[in-house]
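The values are calculated or read from the model by the stated rules, or taken from the named source; none is laboratory data. Predicted, not measured: the structure shown is a model, and the values here were computed from it. Quick reminder, even Gly has a Cβ in these numbers, built from the backbone with ideal geometry, and neighbours come from all protein chains shown.
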């Protein structure tokens, strides 16, 4: 049986302190197991500060009857004590006056008759998503934002038993939710950071639309440390030779796709949307319009010599400029390549080489392969920054480090002896 620990965050009388007041955390006594021969059996005992009484309240938590075996009861007790002590150490306390004040604020907000629109959290969420849809975001990116925010809204409404007004958002609520993600949902650091990013973006939009006033509360939260990823692993020289040989035998159009990824540093999703008119062979440039760019910025990329040779063989002058460069039938067309075309065709190659079960190897890995090869040859971070379209050199440094390219081994060789 899966042990489900009680949701301490749902208790309306408990409030958590901000980081600035941690030094004045309310007194408490740690939770502990008490053996009892009473009708309800063993229980967990803890003492929590009561602001109105200006003293500690004795609280007990009984073990639910659903945990029948000794192992289940032990697991429940262990997890419950751990979570109780965690939230008590963070300043949770009983404050009935604050709860009543919050209810009064809700009532006051709901009775407002001024002309300014008073948004509920759900209304703000729905309007925010409509705004995002007008910005032509990628389907998967929009779905991630929508689902991440929806889960937050549903959690808030559940914890507050119904309608929750946007103006009620505060540091404590966000802190409770983020702790819930770590302690109860057991989010990995990357998942936690992505959620924090979406919440920050949502709050920024609320400020921009003047639905809220002040600073972005989410600025007070920091991201968790994340290990470097192996996703989109770069290919070795031998792997590239073997893959190229096999692809040219089975699927020459797939090699065209791979070549564009390698030489242009563009994402597969961007290449699907690239049009014939975006290629300027005379100037040797690729125009990446904001509407196809992941970061929604218009940029220009130089065309590498080998890529130019490939483009010439495509005879683009024979096609309409509004046609998609990589059409669905293997040549420029008004119908763009299907969303899963590239990955499905590359999966056959992965199966041939026996790494179809390894998600680290992807088509986008050829862009990382290009970065690795280029850096090893020239070690020019600025050039790579421009081709990768990074906003800063610092971003490029982190990116190169994640590929194992910047480890300062070369720099330490020249360190003078003493």
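When each of 171, 164 is tested for being touching a residue at least 24 places away in the same chain (Cβ under 8 Å), surrounded by 16 or more Cβ atoms within 10 Å (Cβ to Cβ), closer than 30 Å to residue 100 by Cα and in contact with a strand residue (DSSP E or B) (Cβ under 7 Å, 6 or more places away or on another chain), the lone residue that passes is 164.
Selection of the range 222-238 for residues being out of contact with any helix residue (DSSP H, G or I) (no Cβ under 6 Å at 6 or more places or on another chain) and over 30 Å from residue 373 (Cβ atoms) yields only 222.
The lone criterion from (1) closer than 20 Å to residue 139 by Cα; (2) surrounded by 20 or more Cβ atoms within 10 Å (Cβ to Cβ) left unmet by residue 341 is number (2).
When the range 318-329 is examined, which residues are found to be over 33 Å from the mean Cα position of the chain (by Cα), part of a loop (DSSP other than H, G, I, E, B) and modelled with pLDDT of 90 or more?
Going residue by residue through the range 318-329, those that are over 33 Å from the mean Cα position of the chain (by Cα) are 318-323, 329.
Still in the list and also part of a loop (DSSP other than H, G, I, E, B): 319-323, 329.
Passing the criteria: 319, 320, 321, 322, 323.
Quick check on the range 143-164: of everything there that is modelled with pLDDT under 90 and in contact with a helix residue (DSSP H, G or I) (Cβ under 6 Å, 6 or more places away or on another chain), which residue is nearest to residue 201 (Cα to Cα)? Here the residue is 164. Within the range 393-418, being at pLDDT below 55 and closer than 16 Å to residue 381 by Cβ holds for 408, 410, 411. Looking at the structure I just gave you, is residue 284 free of Cβ contacts under 8 Å to residues at least 60 places away in the same chain, surrounded by 17 or more Cβ atoms within 10 Å (Cβ to Cβ) and in contact with a strand residue (DSSP E or B) (Cβ under 7 Å, 6 or more places away or on another chain)? When the stated conditions are applied, residue 284 does not pass them. Taking the criterion of being closer than 23 Å to residue 341 by Cα and surrounded by 13 or more Cβ atoms within 10 Å (Cβ to Cβ), the residues of the range 288-319 that qualify are 288, 289, 292, 293, 294, 307, 310, 311, 314, 316, 319. For residue 146, state whether it is under 29 Å from residue 103 (Cβ atoms) and assigned to a helix (DSSP H, G or I). Considered against the rule, which asks whether it is under 29 Å from residue 103 (Cβ atoms) and assigned to a helix (DSSP H, G or I), residue 146 comes out as no.
Does residue 133 qualify as being within 27 Å of residue 199 (Cα to Cα), at pLDDT below 80 and out of contact with any strand residue (DSSP E or B) (no Cβ under 6 Å at 6 or more places or on another chain)? Full working, then the answer.
Details: within 27 Å of residue 199 (Cα to Cα): yes; at pLDDT below 80: no; out of contact with any strand residue (DSSP E or B) (no Cβ under 6 Å at 6 or more places or on another chain): yes.
For residue 133, the condition - within 27 Å of residue 199 (Cα to Cα), at pLDDT below 80 and out of contact with any strand residue (DSSP E or B) (no Cβ under 6 Å at 6 or more places or on another chain) - is not met.
Answer yes if at least one residue in the range 238-261 is over 21 Å from residue 352 (Cβ atoms) and either in the same structural domain as residue 355 (by TED's automatic domain parsing) or modelled with pLDDT of 90 or more (or both), and no otherwise. Yes, because at least one residue in the range 238-261 is over 21 Å from residue 352 (Cβ atoms) and either in the same structural domain as residue 355 (by TED's automatic domain parsing) or modelled with pLDDT of 90 or more (or both).
Within the range 179-190, restricting attention to residues that are over 15 Å from residue 92 (Cβ atoms) and surrounded by 17 or more Cβ atoms within 10 Å (Cβ to Cβ), the residue that is farthest from the chain's Cα centre (by Cα) is 181.
Looking only at the range 231-250, which residues are outside any helix (DSSP H, G or I) and either surrounded by 14 or more Cβ atoms within 10 Å (Cβ to Cβ) or at positive phi (or both)? First the steps, then the outcome.
Residues of the range 231-250 that are outside any helix (DSSP H, G or I), as a first pass: 231-236.
If the condition is that a residue be outside any helix (DSSP H, G or I) and either surrounded by 14 or more Cβ atoms within 10 Å (Cβ to Cβ) or at positive phi (or both), then 232, 233, 234, 235 are the ones that fit.
Among the residues of the range 359-379, the ones that are touching a helix residue (DSSP H, G or I) at 6+ places or on another chain (Cβ under 9 Å) and loosely packed, with under 12 Cβ neighbours inside 10 Å come to 1 in all.
Among the residues of the range 281-317, those that are under 27 Å from the mean Cα position of the chain (by Cα) and part of a strand (DSSP E or B) comprise 288, 299.
Just a yes or no: is a residue in the range 342-350 closer than 27 Å to residue 241 by Cα, out of contact with any strand residue (DSSP E or B) (no Cβ under 7 Å at 6 or more places or on another chain) and part of a loop (DSSP other than H, G, I, E, B)? Looking through the range 342-350, none of the residues is closer than 27 Å to residue 241 by Cα, out of contact with any strand residue (DSSP E or B) (no Cβ under 7 Å at 6 or more places or on another chain) and part of a loop (DSSP other than H, G, I, E, B). Within the set 368, 345, the sole residue that is touching a residue at least 12 places away in the same chain (Cβ under 8 Å), within 29 Å of residue 402 (Cβ to Cβ) and over 23 Å from the mean Cα position of the chain (by Cα) turns out to be 345.
Kindly check whether there is at least one residue in the range 273-280 that is within 25 Å of residue 375 (Cα to Cα) and part of a helix (DSSP H, G or I).
So in the range 273-280, the residues within 25 Å of residue 375 (Cα to Cα) come out as none.
No, there is no match, as no residue in the range 273-280 is within 25 Å of residue 375 (Cα to Cα) and part of a helix (DSSP H, G or I).
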